[in-house]
Amino acid sequence: MTFKAAGFKLDTQYNRVRLSKGSNLKEYWSDFILCEYKTRPDVDLSTVESVQQVRAVWTGDEWELHFVCKVEIEVAEAPGEKTVGVDLGINNFAALAYEDGHSELYPLNCLKQDDYYFSKRLARCDDSDSDQATRLNQKKSARRTHYFHTLSKHIVQRCVDEEAGTIVVGDLSGIREGEGNGESKNWGKHGNLDLHSWAFDRFIDLVEYKSEMEGITVERVSERDTSKSCSCCGRNRKSNRVERGLYVCDDCGVVANADVNGAENIRQKVSPSPSEDRSNGWLAQPSTFLFDKETGAFAPQEQVTS
Ligand SMILES: [Zn+2]
């Protein structure tokens, strides 16, 4: 639901916004909803030149208000010209493939633990509409938001460190509908984790926004065939298969982490691979980054104690 300039009145002093419910009643302001809002700590709406739109978005747990603002930002110069491929998925939330051949995985360990914890506590609530249940859902949703912000920030920083100019990310819109090629990912419930496709869209938006400030471009490409083709020899054969998360190519014999193989194929859609020989194994040995609850940041698996 979108409210244009005439449809809302913002009061940044008391963090309230008045949303008009009907256009025909707009003149009288007689039919409106008064909402109190809370912004992230790094956002201060009173310093924003103008808020152009207010959008009310249902996230599945609660209503979120999105303020569309006009702000001037200082854009850095691109840190380099390299490309990084990003494959988003449900097993590893993100797999990154860099131009020089190394790769990184970001599993959802922390979100899975969170979901398990919250679903257990929610199950103990007498009524799913109770205040307690609402508070739990809000807390769960806030923690997810925080997690996605931290992860997108971390990934963009890694791309800055690696002198990237372009982040290539698989466009999920086609996959969601299935595209009829059997490649559709299984969104929704996965073990304890229920993650909707909008979480991925929102995550890409976050990466896009943070990349822009670093001078890095984000390109969305079709995910078609990126999970089925071999990123080493480019062949797409039925006999190529995924076994326990590994992609095995019958043609060139490569064994790669399946998500990294996808990320590398996505990367190559923008920047075709140089012909250098990549010895078997590099794709199969990505570094894994986990969310460290003690530091609130992502760190290589071996450095995370919990
Ligand atoms: Zn191959």
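No lab work stands behind these numbers, since they all come straight from the coordinates. Quick caveat: nothing in here was measured; it's all calculated off a predicted structure. Don't worry about glycine lacking a Cβ; one is built from the backbone with ideal geometry, like all the others, and counts go over all protein chains shown.
Place a point 7 Å from the Cα of Gln138 along the Cα-to-Cβ direction; which residues of the stretch 48-73 have their backbone N under 20 Å from it?
It comes to 55-67, nothing else.
Å³ per residue of the Cα convex hull, for the stretch 2-70? Don't skip to the answer; put the middle values down first.
Details: hull volume 6.8 nm³, N = 69.
Dividing the Cα hull volume of the stretch 2-70 by its residues yields 98 Å³.
Can you order the peptides 37-47, 258-268, 236-246, 80-90 by their average number of other Cβ atoms within 10 Å per residue, highest first?
On the way: 37-47: 10.3, 258-268: 28.0, 236-246: 12.2, 80-90: 22.1.
The peptides rank, most packed first, as 258-268, 80-90, 236-246, 37-47.
Spelling out what I want: for every residue of the stretch 50-62, take phi, set θ = phi - 60°, compute 6.51 cos²θ - 1.76 cosθ + 1.60 (Karplus), and round to whole Hz; glycine and proline get x.
For the stretch 50-62, the Karplus-derived couplings read 8, 9, 8, 8, 10, 10, 9, 10, 8, 8, x, 10, 7 Hz, x marking Gly and Pro.
Provide Rg over Rh for the stretch 1-151; use the alpha carbon set for both Rg and the Kirkwood Rh (inverse mean inverse pair distance). If you can, show how the numbers build up before the last one.
Details: Rg = 20.4 Å, Rh = 19.2 Å.
Ratio value, two decimals: 1.06.
Along Cα→Cβ, 7 Å out, is where each label goes; now give me the distance between the ones at Cys35 and Glu74 in nm to one decimal.
Each label point is offset 7 Å from its Cα along the Cβ direction, giving 3.3 nm.
Compute the Kirkwood hydrodynamic radius of the stretch 65-166, taking the inverse of the mean of 1/r over all pairs of distinct Cα atoms, and give it in Å to one decimal. List each step's numbers first, then the result.
Working: mean 1/r = 0.0604 Å⁻¹.
Every distinct Cα pair counted, the radius reaches 16.6 Å.
Give me P(r) over the stretch 224-275, computed from all C-alpha to C-alpha distances, binned every 10 Å, as integer percentages.
Result, from short to long distances: 31, 58, 11 percent.
Between Gln53 and residues 5 or more places away or on another chain, which pairs have amide H atoms under 5 Å apart, with H built 1.01 Å from N, and which residues are they?
Val68
Measure off 7 Å from each Cα along the Cα-to-Cβ vector at Ile90 and Ser222, then give the distance between these two points in nanometres to one decimal.
For the pair Ile90/Ser222, the computed spacing is 2.4 nm.
Name the long-range amide H neighbours of Val254: under 5 Å, sequence gap of 5 or more, or other chain; modelled H, no Pro or chain starts.
Here the answer is Cys249, since their amide H atoms fall under 5 Å of that of Val254.
So for the pair Leu122, Ser197, with labels modelled 7 Å out along Cα→Cβ, what separation do we get in nm?
So the label points at Leu122 and Ser197 sit 2.1 nm apart.
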